[in-house]
Every structure is written in structure tokens, then in C-alpha cells.
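**Q** Questions regarding the structure given below will be posed in turn.
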Amino acid sequence: MAISETESSIVHAPFLKNAGELWREVEAAVNTTPAIDVHTHIFPPEFDELYRYGIDELLTYHYLIAETFRSTTVTPQAFWQMTRAEQADLVWATLFVDNTPLSEATRGIVTVLDAFGLDPRAPDLREARAFFRSQDCASHLDRVLDMACVDDVVMTNDPFDDCEVPIWAGGGVRDHRFRASLRMDGLLNDWPGAVQRLADQGFKVEPMLGAATCDEVRRFLDKWIRRMEPVYMAVSLPDDFRYPGDDARSRLLREVVLPTAEAHGLAFALMVGVRRGVNPALRSAGDGVGRADVSALERLCGENLGVRFLATFLSLENQHELCVSARKFGNLMPFGCWWFLNNPSLVSDITRERLELLGPSFIFQHSDARVLEQLVYKWRHSRSLLVHVLFEAYERLLASGRAVTREEVARDVRRLFSGNFRAWLQKS
Ligand code: RAT
Ligand code: ZN
């Protein structure tokens, strides 16, 4: 009698009982399993100026701009008067030549330069600029995705963005490794501004948000869903986000956005805890963080069992509550260590906590990359942390009496890197 594949793998499963062997298997699985990067701000070349790559873009990342102001006497006002190349020169001199690049964002630059064989101790940017300038666009993009071991990338797409709208109207994405997400910060966080934007796009809306206006907003969302074919809809929310609340946001969520998500079988992503413009002089580098109320998310999940929610919180203090909420709601998927949390100490701790409370049922990480080559460092750094965290978890399991197999390790890593996200996208 022929033995089935499942039985055969159980009978011959090589249990990973030796620490060295276990480490090698975990390392190999984590480093070679492709990831879906579920939240980024990168775009393919057909998005013209939104396609950002190269050393000047890398160095003028807002994470590095904020750090530069801590170690230079140049004022924000003077900085914003400079050209991008001058800004990059200043960041390089300040953070990499006059100081040691010890922070996570600066180490990221070192990882990228090293990965491309460039000198991270160079006195200036001549060599790096020449290198990036000489790259062929298509093969460079393929190479970066390959180096990051990322198959698919989810963009952040704003239907109110003046750069994006004409690109979508002209056909949108040609490179199907790039998937859209329909971002609705403009709609949900600034209703008066949205009224104007919607009117500009020909929708008949009133500030009062009556039934007719809700219908128009629905028509707007349906139009952009048809056009972008997003994998999910998303919003970033302030630390004082409440639900339900006596505001336009709550009304729009309940009456328009969530019914739209359900009707289209689209997940809805919440990114909660950002305090925009804490220091406006720093512009894009001026946002902060605040602890949010996770029970608002629980109410959304409880009221909308037909909608799948993706959620990430910016404050460290919210991470434990998010895990507990995910244990209560099967329609809630925690994802990634966002922005100020994407540092080795915090990624390790948060991932450990998630494994302990949720097993492999969460999305390990996203990059939030804004510049193409950031994918390389963000994914390499995150992967090396995951190797340690997973190895420890399997070792503990072994000590309790259950060894894992190579196939089980591969299965867990697949879930964390892409499987949980794919499952979330399946239309209901
Ligand atoms: O991480 C970032 O780069 C932030 O500036 C934000 O873009 C944040 O990730 C967001 O999506 O709002
Ligand atoms: Zn982001």
C-alpha cells in the first residue's frame, strides 16, 4: 500500500534536537523565505518622481534628518533652504564622519553601502553617487528585491495626492510586484480638507455629512478601489483616536468605510498612535508618538465581524494590549513593528511577546521603506533578529519535550512572512 505524503513526512521527520542544527535550519529558513512587505512608501519607476532610490534619497530619510538636528548647529530653517544634495552632504558629514553611526537608521545606511560594496567610511559621497547613478533602473530594482528577499511590496497610495492621481488615471502600476493600498488619512483625519478634495474630483459633498454626502464618499471609494485594485484600505490615526466618537471620522468609518471594506472583501488597516507635527519646523521629521486606547480597536472589531482588520500601534506601551485584543478577535491581525519601534531591542521584545501570546498568527514585520534600497537593510536587520527569537522559542519547546522538524520551521516562517497576510486578503 502506497504511503501518503503526510504519513511519510511524519514517519521520517528529522527532529531538530541538536542546537547547532536547529540554529542552521532556522537561519536558513528565515534568510531564504521570501517576504511580502505589507506596508511601504516605495513605488515602481512608472511613478516618476515617487520612485526614490540612491544615496541622496537614502540620507535625506526623515529618520536621519531628525537625528542630524541633534548633532549640528544648522537650523531646520537653513536645512530646508538647501538642495537635496547639500542636505545629504550635511547628514553624511554630521552622522557618519563627525560621529559614529550607532543609531538604527544610521547603521541601516552602513548595511546598504556595505551590501553594494561601497565604503561606509568614505569622507564624502562621490563614490556612492557615481555608483547609484550608473545603475540600470530595471536590473537595480530586481537586484534590490532579490537582496532583500522580498517578492511583493505594498505601496501607500493616496487618492488625494497630486502626484499620484495622474499616474493612476494614466494606467497605474505596470510592475505587478507592487500592490496598492488605498490610504485614507485625507478622508478620515481632515474632513473639511476632504470636502474640498472630493469636490475637486467632481463628487457632490457637503461639510454636514448627510446621507447624500455619505453616498458620494462611497462612490469615491468604489471608483478608487476599481482603479487601484488595492490589497487593503488603510489609515494612520492619532494617539487620541476614539471609537465610537462624536466626529466625522467615526461617522465615516461606521457608515461608509467599513461597509465598503465588507462589500469589496477588503481588509482595513489601522496604524495608531502618531502625533503629527509635534515639531512643525522639522516638517516630515517632526511627528511624534503617544499611547492610544486599544479598546477603540476592539469595538471596531466587535462591531464589524465581517471585516478583517490589520493593526499596528506606534507606542511601545500599547503592544501588550494589542496582543491580548488579537486573542479576543479572530478578525484582528497585528502587523509589524512600526517606525519608532523598528529598532533591534524593540523588534526582538515585541516579536517574543507576540510569539508567546499568539503563536505564529501575526505578521512579523513590514519595512515602511521610503527609498528602494532601504528594503535591503530593513529586511536584513529584521531577519537577523527573528533568527534569534525563533531559535530561542524552539529551544524552549525542545526543553519542554517537543522537538520541531525542518518542515515545521519552514511552515512557521512562511506564515510570519507571507502566509498570514495572504490569508487576510482572501475575499470573504
Ligand atoms: O515610518 C514612516 O516613514 C512614517 O513617516 C509614516 O509614513 C508612517 O509610516 C505612515 O505610514 O504614516
Ligand atoms: Zn508608513
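**Q** Can you tell me the convex hull volume per residue for the range 234-309, based on C-alpha atoms, in Å³ to the nearest whole number?
**A** Hull volume normalised by residue count: 93 Å³.
**Q** Carbon-plus-sulfur fraction of the accessible area of the range 218-308, 1.4 Å probe, in percent?
**A** Looking at the range 218-308 in its full context, I get 44 percent from C and S.
**Q** While we're here: Mind checking the alpha-carbon convex hull of the chain and giving the volume per residue in Å³?
**A** 171
**Q** Sticking with this one: If I histogram all Cα-Cα distances within the range 75-172 using bins 10 Å wide from 0, what percent of pairs lands in each bin?
**A** Over the range 75-172, the share of Cα pairs per 10 Å bin runs 12, 30, 35, 21, 2 percent.
**Q** A further question on this structure: Tell me, what is the percent relative contact order of the chain, built from C-alpha pairs under 8 Å that lie six or more residues apart?
**A** Dividing the mean separation by the residue count of the chain yields 22 percent.
**Q** Give me the extension gain from Glu229 to Arg174: residue separation times 0.36 nm, minus the current Cα-Cα distance, reported in nm with one decimal.
**A** 18.5 nm
**Q** Now for a separate question. Work out from phi, with θ = phi - 60° and the Karplus expression 6.51 cos²θ - 1.76 cosθ + 1.60, the ³J(HN,Hα) of each residue of the range 150-161, listed in order in whole Hz, and give x for Gly and Pro.
**A** 10, 8, 10, 10, 9, 7, 10, 10, 9, x, 9, 7
**Q** Count of lysine pairs in the chain with Cα atoms under 30 Å apart, counting only pairs 8 or more residues apart in sequence or on different chains?
**A** The number of close lysine pairs in the chain is 4.
**Q** Give the ranking of Met333, Met147 by solvent-accessible surface, highest area first, calculated with a 1.4 Å probe.
**A** The ordering from most to least exposed comes out as Met147, Met333.
**Q** According to the Kirkwood expression over distinct Cα-Cα pairs, how big is the hydrodynamic radius of the range 227-270, in Å?
**A** In the range 227-270 this quantity evaluates to 11.3 Å.
**Q** Enumerate the amide H contacts of Leu310 below 5 Å, restricted to partners 5 or more residues apart or on another chain; note that Pro and chain-start residues carry no placed amide H.
**A** Amide H neighbours of Leu310: Phe268, Ala269, Leu270, Met333.
**Q** Right, another one. At 1.4 Å probe size, with every protein chain present, just tell me what the per residue accessible area of the chain comes to in Å².
**A** 44
**Q** Can you give me the relative contact order of the range 9-166 as a percent, contacts being Cα pairs under 8 Å and 6 or more apart?
**A** 36
**Q** Between the range 378-396 and the range 56-89, what is the separation of their alpha carbon centroids in Å?
**A** 33
**Q** Mean residue ellipticity at 222 nm from the helices of the chain, using -39,500 (n - 2.57) per DSSP H segment of n ≥ 4 over the full residue count, to the nearest 500 deg cm²/dmol?
**A** -14000 deg cm²/dmol
**Q** Next question, about the same structure. Probe 1.4 Å, all protein chains in place: accessible area of Phe203 in Å², nearest 10?
**A** Spelled out: Phe203, probe radius 1.4 Å, area about 10 Å².
**Q** Can you list which of the DSSP-assigned H helices in the chain have a Cα extent of 27 Å or more along the long axis and an average Kyte-Doolittle score of at least -0.5?
**A** 374-400
**Q** Separate question: With r as the distance between the Cβ atoms of Ala199 and Arg129 and R0 = 45 Å, compute the FRET efficiency 1/(1 + (r/R0)^6) and round to 0.05.
**A** Approximately 0.55, to the nearest 0.05.
**Q** Also, I was wondering about something else. Ignoring any ligand, DNA or RNA, what whole percent of the accessible area of the range 312-395 comes from carbon and sulfur when the probe is 1.4 angstrom?
**A** In the range 312-395, the share of accessible area belonging to carbon and sulfur is 53 percent.
**Q** Restricting things to alpha carbons, tell me how big the range 306-428 is in terms of Rg and Dmax, in Å.
**A** 14.6, 45
**Q** Out of all DSSP beta bridges with both ends in the chain, state the antiparallel percent to the nearest 5.
**A** 10
**Q** Using only C-alpha atoms and all pairs of different ones, pull out the Kirkwood radius for the range 179-279 in Å with one decimal.
**A** Evaluated on the range 179-279, it is 14.0 Å.
**Q** Order Glu317, Glu229, Glu353, most accessible first, counting only protein heavy atoms with a 1.4 angstrom probe.
**A** Largest accessible area first, the residues go Glu229, Glu317, Glu353.
The values are calculated or read from the model by the stated rules, or taken from the named source; none is laboratory data. Just so it is clear, the model here is predicted, and its values are computed rather than measured. All Cβ positions, glycine included, derive from the backbone under ideal geometry; neighbour counts span all protein chains shown. Note: accessible area is taken over every heavy atom of the protein model, side chains too, but ligands, DNA and RNA are not part of it. Shrake-Rupley method; radii C 1.70, N 1.55, O 1.52, S 1.80 Å.
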